[in-house]
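The values are calculated or read from the model by the stated rules, or taken from the named source; none is laboratory data. Since this is a predicted model, take the numbers as computed values, not measurements. Here the Cβ positions follow ideal geometry from the backbone for every residue, glycine too, while neighbour counts run over all protein chains shown.
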Amino acid sequence: MERFVRLLVTAVVGFVPAAGLLTGSLTGHTVPFLIGAVAVATALLIAGWPSLAHLPEPHSARLALAFTGAVAIILAAIKPGDGSAVLVAIALGFPAVFIRELSRPAPRPDLVRSVAGTTCGVMAVAAMGLWVSAGDMQHFVDLAILAGTGVAVSCLALGLNRLLPAHGWRVEVAAISGFALAACAGAGAAFLVSTPWWAGAAVAGACGVAPGAVWMVSESRGAASGRFRLRDAALVTLPLAVASVPVWAAALMR
């Protein structure tokens with residue numbers, strides 16, 4: 001029963017951002033739906049990141065990440081279509097990390113891991129702002145819908161591995177099947193955004209690689225599946241942040 005519940009939670013979390021992108025595009029109110037969807041995904045990433053990165057001071061790390069995420073989303077919403085909001089968020093987030101580390105009482109255990117892990121989290125959280133910036137870029141919105149679909153379907157396939165027996169190969173199998181299913185879903189979603197099916201399959205398939213790569217690095221081999229944890233929320237939402245960067249670059253080149 002716990003495995004089934006964990007699968008459902010993983011699938012729902014993975015589809016939240018994609019649903020926001022798709023609903024916003026179909027209703028003509030892309031920016032508000034994007035802000036809501038990205039805010040939910042960013043909050044989940046912030047909540048689960050300290051557990052995923054094994055940070056020694058999770059509460060203060062979440063404050064630094066929340067500050068970075070708020071700056072990225074607000075600036076991107078004020079000026080849609082401008083990716084500089086992400087750069088500003090990173091520029092402000094890095095000092096926040098060091099201020100946070102200086103505020104830790106001595107002897108500051110695991111200092112290098114804490115700084116490196118929180119810094120990587122800052123970049124991931126800031127990258128979420130690129131989805132909000134999609135509101136003023138027509139081509140990017142199409143690509144974002146395909147990318148969100150690919151990430152969500154791939155996360156669903158990875159969630160299915162919770163139902164498999166505890167074997168060391170189950171994550172690899174789920175990653176490969178996630179890529180294949182993401183490509184198929186992208187081909188179907190391409191008809192919603194007036195894009196050739198092969199282009200939809202390529203974009204969704206490429207973005208469907210991100211969840212598998214993240215999970216293969218982070219998931220324990222041969223471990224039995226338990227209840228849904230905070231680190232699982234980061235495992236689901238981190239690929240969405242990773243996928244935003246190449247999709248944004250592809251939109252600028254179109």
Output for region 21-52, where each listed residue is modelled with pLDDT under 75 and surrounded by 20 or more Cβ atoms within 10 Å (Cβ to Cβ): Leu21, Leu22, Gly24, Ser25, Thr30
Failed item, numbered, when Arg113 is tested on (1) modelled with pLDDT under 85; (2) surrounded by 14 or more Cβ atoms within 10 Å (Cβ to Cβ): (2)
Any hit, region 173-180, residues being closer than 18 Å to Pro246 by Cβ and of a type in the set (S, T, N, Q): no
Near pairs, Cβ below 8 angstrom, 6+ apart or cross-chain, from region 155-172 (part of a loop (DSSP other than H, G, I, E, B)) to any residue that is modelled with pLDDT of 75 or more: Leu164/Val173; Leu164/Ala174
Residues of region 177-198 satisfying the condition of being aliphatic (A, V, I, L, M) and modelled with pLDDT of 85 or more: Ala180, Leu181, Ala182, Ala183, Ala185, Ala187, Ala189, Ala190
Residue list for region 53-88, filter: surrounded by fewer than 23 Cβ atoms within 10 Å (Cβ to Cβ) and either among the acidic types (Asp, Glu) or in contact with an Asp or Glu (Cβ under 9 Å, 6 or more places away or on another chain) (or both): His54, Leu55, Pro56, Glu57, Ser60, Leu75, Lys79, Pro80, Gly81, Asp82
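I'd like to check which helices (runs of 4 or more DSSP H) are fully inside region 54-139 and have at least 3 residues that are more than 20 Å from the chain's Cα centre (by Cα). Break it down stepwise before answering.
Values: elements: 58-78, 84-102, 111-127, 129-132.
Output list reads 58-78, 84-102, 111-127.
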